[in-house]
Amino acid sequence: MNTGGADTADRPIGLTADSGIDRAAHHRLDEAWLAAAWSHPTTRVFVVSGGQALVDDTPDGGTELVMTPTFEAPLTETHRYFLGTDEHGVRYFALQKDTLPGRLDQSARAAGLREAGLLLSARDAGLMAHAVALENWQRLHRFCSRCGERTVIAAAGHIRRCPACGAEHYPRTDPAVIMLVTDEEDRALLGRQVHWPKGRFSTLAGFVEPGESIEKAVAREVWEEAGVTIGHVEYVASQPWPFPSSLMLGFIARAADARITVDGEEIEEARWFSREDLRTAIENGEILPPMGISIAARLIELWYGKPIPQPLTKAEA
Ligand SMILES: [Zn+2]
């Protein structure tokens, strides 16, 4: 699904657009402030469960997070995340629950961030990304990494404290690089991961290693996966990717030596595509067009210079 708009270079990258939410982190340790904010009639809350939240259609054809005043919210013991305030002073919370609440309204449905991130407003997508990232981290960090004791939630969801050794644990974000590599002829290097569905090609990507700069990570990953040597590296944009805890750092990189040798383990095939190659390959169904919320699709689109072509229907072919 395309978010619309032909001016691809100006179109915001999913989950990266300014949500307009002030995270107001200075309030997270202020229990009295949080309690007052929670009970305020304009405050809005939504439930996050297993990376999903309820979304609903709006009368104008959009999609929104299902949020309620806090007095309508399900009871929860401790898993309450303060997400911030908007420009009107409305405070937003998320509740982590084992299940999403039932809804009488039949049009509301559960959605994960990959789907909802394409449909929601920047505000709602930003709120959901924040809540999903916190939920993932909370779920995977229940025990102290220093002493093994069970930790407790603090700072409105943004810290876990260890009652035994006093350690404070903070949400973790794993930097990953994702890059559209071009050669001297301005062709793009796209690869196929071993486990991807047939025909799927995309940009190369990988995690930044300990003690490594992101520029070095770009060069190392491209060398490891495709055997291509990288010269100039230019940062484009980042994208929160809480599946479960990544931050995708998007680059355009120039190959210094364009010869390809795939590693065969992670990447089974890599090819240089001219814009014409890509258009033809997509139109005749040889490869699947990049799509979805991932910054990969946008990096390819930025290089391509306009919306990526779609496969021709049988009638057109
Ligand atoms: Zn501990």
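Bear in mind these aren't lab numbers, they're just calculated from the coordinates by the rules spelled out. Source: prediction; values computed, not measured. Virtual Cβ from ideal backbone geometry, glycine too; neighbours counted across all protein chains shown.
Got the relative contact order for segment 136-292 handy, in percent, Cα pairs under 8 Å and 6 or more residues apart?
Relative contact order comes out at 24 percent.
For segment 130-215, place one equal point scatterer on every Cα, skip the solvent, and apply the Debye formula. What is log10 of I(q)/I(0) at q = 0.13, 0.15, 0.26 Å⁻¹?
Normalising to I(0) and taking log10 leaves -0.66, -0.76, -1.18.
Which one, Trp303, Ala133, Gln193, is farthest towards the positive end of the dipole of the chain when Lys and Arg carry +1 and Asp and Glu -1 on their Cβ?
Checked the options; the winner is Ala133.
Work out the length of the dipole vector of the chain about its Cα centre, built from +1 on the beta-carbon of each Lys and Arg and -1 on the beta-carbon of each Asp and Glu, and round it to the nearest 20 debye.
In total the dipole reaches around 920 debye.
Segment 180-210: which trypsin sites (Lys or Arg not before Pro) are DSSP loop and have at most 12 other beta-carbon atoms within 10 angstrom?
Sparse-neighbourhood loop trypsin sites (Lys or Arg not before Pro): Lys198.
Taking the DSSP beta bridges in segment 12-140 as the whole, what percent of them are antiparallel, to the nearest 5?
Bridges in segment 12-140 are about 75 percent antiparallel.
In what sequence do Phe71, Phe201 fall when counting other Cβ within 10 Å, fewest first?
Placing the least packed residue first, the sequence is Phe71, Phe201.
Give me the percent of Cα-Cα pairs in the chain that sit more than 24 Å apart, rounded to a whole number.
When every Cα pair of the chain is considered, 60 percent fall beyond 24 Å.
Bin by bin, in steps of 10 Å, what percent of the Cα pairs in segment 187-317 do you find, going until the bin that has the longest distance?
12, 42, 37, 8, 1, 0
Give me the dipole magnitude in Debye, nearest 20, for segment 169-317 about the Cα centre, with unit charges on the beta carbon: positive for Lys and Arg, negative for Asp and Glu.
Taking the Cα centre of segment 169-317 as origin, the dipole is about 480 debye.
Over the alpha-carbon set of segment 12-140, divide Rg by the Kirkwood Rh and report the Rg/Rh ratio to two decimals. Each step should come with its number before you reach the end.
Numbers: Rg = 13.9 Å, Rh = 14.8 Å.
Using Cα coordinates only, the ratio equals 0.93.
Counting other C-beta atoms within 10 Å, which of Ser19, Ser107, Ser246 has the fewest, and how do the rest follow? Walk me through the numbers on the way to the answer.
Working: Ser19 23, Ser107 10, Ser246 19.
With the fewest neighbours first, Ser19, Ser107, Ser246 line up as Ser107, Ser246, Ser19.
Taking the chain as the reference, fit the longest principal axis to its C-alpha atoms, fit the long axis of helix 214-226 to the helix C-alpha atoms, and give the angle between the two in degrees, 0 to 90, nearest 10.
With both axes taken from Cα atoms, the answer is about 50 degrees.
Tilt of helix 122-140 relative to the longest C-alpha principal axis of the chain, in degrees (0 to 90, nearest 10)?
Approximately 80 degrees, to the nearest ten.
Under the definition of Cα pairs under 8 Å and six or more residues apart, what whole-number percent is the relative contact order of segment 56-103? Present the calculation step by step, with values, prior to reporting the outcome.
Numbers: 33 pairs, mean separation 11.8, N = 48.
It rounds to 25 percent for segment 56-103.
With 10 angstrom as the radius, rank Leu95, Leu120 by how many other C-beta atoms surround their C-beta, starting from the fewest.
Fewest-to-most ranking of Leu95, Leu120: Leu95, Leu120.
Using each residue's phi in segment 155-162, evaluate 6.51 cos²θ - 1.76 cosθ + 1.60 at θ = phi - 60° and report the 3J(HN,Hα) Karplus result to the nearest Hz, with x for Gly and Pro.
Each residue's phi maps through the Karplus curve to give 6, 6, x, 9, 9, 10, 10, 9 Hz.
Grab the DSSP H runs of the chain that are 4 residues or longer, score each as -39,500 (n - 2.57), total them, divide by all residues and round the 222 nm result to the nearest 500 deg cm²/dmol.
Theoretical 222 nm ellipticity from helices: -6500 deg cm²/dmol.
Before anything else, pin down the relative contact order of segment 126-192: Cα pairs under 8 Å, at least 6 apart, normalised by residue count, whole percent.
Over segment 126-192, the number comes to 19 percent.
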